[in-house]
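The values are calculated or read from the model by the stated rules, or taken from the named source; none is laboratory data. Because the structure is predicted, anything quoted here is derived from the model rather than measured. For neighbour counting, all protein chains shown are included, and Cβ atoms are generated from backbone atoms with ideal geometry for every residue, glycine included. Note: accessible area is taken over every heavy atom of the protein model, side chains too, but ligands, DNA and RNA are not part of it. Shrake-Rupley method; radii C 1.70, N 1.55, O 1.52, S 1.80 Å.
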Amino acid sequence: MGWFQDFDGERMKILFLNGPNLNLLGTREPGIYGTLTLADIERAVRGRAEGRKIEVDFRQSNHEGELVTWIQEARGTRDAIVLNAAAYTHTSVALRDAISASGVPTIEIHLSNVHAREAFRHHSHIAAVCRGQVSGFGVGSYLLGLEAAVIVIEGA
Ligand code: DQA
């Protein structure tokens with residue numbers, strides 16, 4: 001019996017948010033991002049959550065404001081957010097402020113290792129208001145993000 005199964009509260013509500021261009025996964029620069037589509041990644045996440053007290057909501061938007069709205073709505077309705085903000089990671093003060101204002105513990109994730117890429121990807125506007133970052137493991141970053149969210153929710 002894993003520690004996560006000891007959680008005896010309500011179901012953990014985890015919101016996965018995906019930013020711009022992640023709808024193109026599968027065909028988008030497969031050498032960097034792999035060949036899985038976002039739907040494949042969602043299936044993998046749901047598979048990992050299955051049979052556990054976890055409720056997954058999985059969304060994507062190319063619009064910064066829509067992501068801001070979803071983060072705002074997570075306050076009081078979700079226990080954690082797992083966020084691949086994509087390019088907005090490196091540009092968006094609005095997303096940073098939304099995470100901060102919502103107070104919902106947020107895990108920053110990236111498929112690629114952003115620190116091994118161009119210098120402009122080394123800075124994250126959201127890192128300081130996130131609980132931590134997972135970067136460089138492809139679909140594994142999403143699965144690790146899920147586990148990180150569970151750990152944060154359980155206060156382990
Ligand atoms: C990304 C990394 C970002 O730098 C990039 O803009 C993306 C995807 C990743 O998952 O590796 O769109 O967040």
remark   = Taking the stretch 117-155 and keeping residues within 14 Å of the ligand (Cβ to nearest atom), within 18 Å of Tyr88 (Cα to Cα) and of a type in the set (A, V, I, L, M) leaves Ala119, Ile126, Ala127, Val134
request  = Answer yes if at least one residue in the stretch 56-70 is within 14 Å of the ligand (Cβ to nearest atom), of a type in the set (Val, Ile, Thr) and under 26 Å from Arg11 (Cβ atoms), and no otherwise.
outcome  = no
query = Restricting attention to the stretch 127-147, does a residue exist that is without any contact (Cβ under 8 Å) to a residue 12 or more places away in the chain and open to solvent by 60 Å² or more (accessible area, probe 1.4 Å)?
reply = no
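Inspect the stretch 93-100 for any residue being within 22 Å of Thr37 (Cβ to Cβ) and not hydrophobic (A, V, I, L, M, F, W, C) and give the result as yes or no. Let's see the steps before the verdict.
Kept after step one, since they are within 22 Å of Thr37 (Cβ to Cβ), are these residues of the stretch 93-100: none.
Within the stretch 93-100, not a single residue is within 22 Å of Thr37 (Cβ to Cβ) and not hydrophobic (A, V, I, L, M, F, W, C).
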task = Answer yes if at least one residue in the stretch 10-20 is within 11 Å of the ligand (Cβ to nearest atom) and either open to solvent by 60 Å² or more (accessible area, probe 1.4 Å) or touching a strand residue (DSSP E or B) at 6+ places or on another chain (Cβ under 8 Å) (or both), and no otherwise.
result = yes
